[in-house]
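> The structure follows.
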Amino acid sequence: MQNATQDSSMQTKVLLAWGFVGIPLAWGIIQTLINAMKIFQ
Amino acid sequence: MSFLDRSHTIAGPGFSRWMVPPAALCIHLCIGQAYAISVFNLPMTKLLGISQSTPADWKLTDLGWIFSIAIFVLGVSAALMGRWVEEGGPRKAMFTAGLCWALGFFISAIGVYAHNLWIVYLGYGIFGGIGLGIGYISPVSTLIKWFPDRPGMATGMAIMGFGGGAMIASPLSVWLMARFTTATHVGVAEAFICLGIIYLVFMWVGAAIVRVPAPGWAPEGYTPPTVADKLITRNDVYVYDALKTPQFWLIWWVLCLNVTAGIGVLGQASPMIQEMFPGHVSVAAAAGFVGLLSLFNMLGRFFWASTSDFIGRKNTYFCFFAIGTVLYALVPHTGSVGSLALFVLCFLVIISMYGGGFATVPAYLRDMFGTRYVGAIHGWLITAWSAAGIFGPVLVNYIRQYQIDHGVPKAQAYNTTMYIMAGLLVIGFICNFMIKAVNQRYHMKADALAQPAAARG
């Protein structure tokens, strides 16, 4: 039971850590793609 | 400050190794801002004149030195601090990198307020450069130790962040400057202060969550390969012994030549596409092309480094050099037939391999020299990047100018450069071909391995 709680807590931490870096990176990629579209216009 | 020590970062039971790549990305996404520093160049030429430059304003040529100093200091600090990073552990290194990187922005802000360029050189160039060097190598060996089954993918994820950092920093910097710019003031200094605070927080979060595996730890179900591969050692080589091997210097040239071919193109991508396709590509479209190159630079880091786990490092570099040679030789042809799509495609693949070269090399070093000092050896190898940072742009710029001075039309002025780049990649192919396993006389002996790392000379 305790192991399952620990696992779930670690999974939440992993998710938060990836969100912390993933959200700004995704924003940067979207901004880049919006600018890049101009080459095909 | 003992919480920064390596002994305080050993992972406890139940820790997930998937926490470590985001910690590494916290560092690399921040220091990747270096590729976007040029967005400040034009605003910094109007700090006094506001709407246009005055004679007392800074010149673009003087501002270009900020990036050059930072990249030079990156190479030097990575080389000199590599052993300290390796022995002190990743948290101490990441904490220090964050401090230096943020200090670089804060000192530069003072330089901008005082309108003293030397203070900016000191801030971004020296302090920022030290932050870059320490930050770049800080997570490498930790990732390799956490992912012995996929070292290429692990380091690829971190080094991908360095490519992606500019994609965040560029629009963020433009947005911040717009917030603080008024009719009588250009908001560069305020943007520097905001970036310094954001990066300090981000990098210290990375330092807080990073962990090193407990001695003897291995991923669940992982068994080291039983079939011996001559190009993957199970021994360790001490950092200064590695510098005495031909393998180190061959890999140095492999990286240097691969980077030289890509970095010159990255720096000149915007004018190159406009001059090779006159009338077909606007300034905005050229900026879009540069953005697309950044994206493929980033994606290539992850894709090629992950691929190297399956096909081997040597074969991955063979791909870079063989495909790169063909593509560089093909570029002049795309210009002569007016195929913009083919031109863009060629450079997207080339730039993905440029990024891939950076991301695959830590795992190549690990295969050659073992894991113990791979971070420190990687630090020394980064000097190849500094050298390529000089060779690449010089080759592209000077050969183009020489061609134009001798009456070659602008649309064809890059052709010779492309053939020279193809030639450099052939040399890189030969260097890669010559890489063999490290002679066992360089391997660390059992007594040296047992000795605490810091006790070694």
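> What average count of beta carbons from other chains do you get within 10 Å of the Cβ of residues in B:277-288?
3
> For the residues B:418, B:19, B:434, what sequence is obtained by ranking on other C-beta atoms within 10 Å, fewest first?
Ranking B:418, B:19, B:434 by Cβ neighbours within 10 Å, fewest first, gives B:434, B:19, B:418.
> Take peptides B:392-404, B:368-380 and line them up by average Cβ neighbours within 10 Å, highest first, as a rough protection proxy.
For the peptides B:392-404, B:368-380, the packing ranking is B:368-380, B:392-404.
> Let me know the shape class of region B:107-175, please: from the alpha-carbon gyration tensor, a ≥ b ≥ c as square roots of the eigenvalues, rounded when a/c is under 1.5, otherwise prolate if a/b is greater than b/c, or oblate.
It is oblate, given that a/c is not under 1.5 and a/b is not larger than b/c.
> Just list whichever of A:13/A:38; B:145/B:445; B:145/B:244; B:92/B:244 have alpha carbons separated by over 27 Å in the model shown.
Checking Cα-Cα distances, A:13/A:38; B:92/B:244 exceed 27 Å.
> From other protein chains only, count the Cβ atoms within 10 Å of every residue's Cβ in B:91-100, then give the mean.
Mean number of neighbouring Cβ atoms from other chains: 0.
> Just checking the output field for B:171-180: average partner chain Cβ neighbours within 10 Å of each residue's Cβ?
Rounded to a whole number, the mean comes out at 1.
> Can you classify region B:343-414 as rounded, prolate or oblate using the Cα gyration tensor, where a ≥ b ≥ c are the square roots of its eigenvalues, rounded means a/c under 1.5, and otherwise it's prolate if a/b beats b/c and oblate if not?
It is oblate, given that a/c is not under 1.5 and a/b is not larger than b/c.
> Another question about this same structure. I need the semi-axes of the equivalent ellipsoid of chain B: take the C-alpha gyration tensor, multiply each eigenvalue by 5, square-root it, list largest first in whole angstrom.
Equivalent ellipsoid semi-axes, largest first: 36, 29, 18 Å.
> In the neighborhood of residue B:8, defined by Cβ-to-Cβ distances under 13 Å, what is the net charge if each Lys or Arg adds +1 and each Asp or Glu adds -1?
Spelling it out: positives minus negatives among the neighbours equals +3.
> For region A:13-18, in order, what is each residue's ³J(HN,Hα) by Karplus, 6.51 cos²θ - 1.76 cosθ + 1.60 with θ = phi - 60°, in whole Hz (x at glycine and Pro)?
Working through the residues one at a time gives 4, 4, 4, 5, 5, 5 Hz.
> If you don't mind, there's one more thing I want to ask. What shape does region B:137-296 take by its C-alpha gyration tensor, where a ≥ b ≥ c are the square roots of the eigenvalues and a/c under 1.5 counts as rounded, a/b above b/c as prolate, and the rest as oblate?
oblate
> Please order B:210, B:361, A:21, B:39 by the number of other Cβ within 10 Å, starting at the fewest.
Result, fewest neighbours first: B:39, A:21, B:210, B:361.
> Then there is this: Based only on Cα atoms, what Rg/Rh ratio does the protein assembly as shown have, Rh being taken as Kirkwood's radius?
Using Cα coordinates only, the ratio equals 0.97.
> Ranking B:244, B:145, A:38 by Cβ neighbours within 10 Å, fewest first, what do you get?
On the way: B:244 11, B:145 22, A:38 17.
Starting with the residue having the fewest Cβ neighbours, the order is B:244, A:38, B:145.
> At a temperature of 25 °C and a viscosity of 0.890 mPa s, determine how fast region B:215-360 diffuses translationally according to Stokes-Einstein, using the Kirkwood radius over alpha-carbon pairs as Rh; express D in µm²/s, rounded to the nearest whole number.
140 µm²/s
> Computed on alpha carbon atoms, what radius of gyration and Dmax characterise region B:15-209, expressed in Å?
Looking at region B:15-209, its Cα Rg and Dmax stand at 17.2, 59 Å.
> Another one. With point charges of +1 on the Cβ of Lys and Arg and -1 on the Cβ of Asp and Glu, referenced to the Cα centre of chain B, which listed residue (B:65, B:194, B:262) lies farthest in the positive direction of the dipole?
Of the candidates, B:262 comes out farthest on the positive side.
> Enumerate the whole-percent occupancy of each 5 Å bin, from 0 to the last occupied one, for all C-alpha pair distances of region B:63-156.
3, 16, 20, 19, 16, 11, 7, 4, 2, 1, 0
> Per DSSP helix of 4 or more residues, -39500 (n - 2.57); summed, then divided by the residues of chain B. What does that give at 222 nm, rounded to the nearest 500? Walk me through the numbers before you get to the answer.
Values: 18 runs with 316 residues, N = 457.
Value at 222 nm, helices only, nearest 500: -23500 deg cm²/dmol.
Only the coordinates and a few stated rules stand behind these numbers; no lab work does. Just so it is clear, the model here is predicted, and its values are computed rather than measured. All Cβ positions, glycine included, derive from the backbone under ideal geometry; neighbour counts span all protein chains shown.
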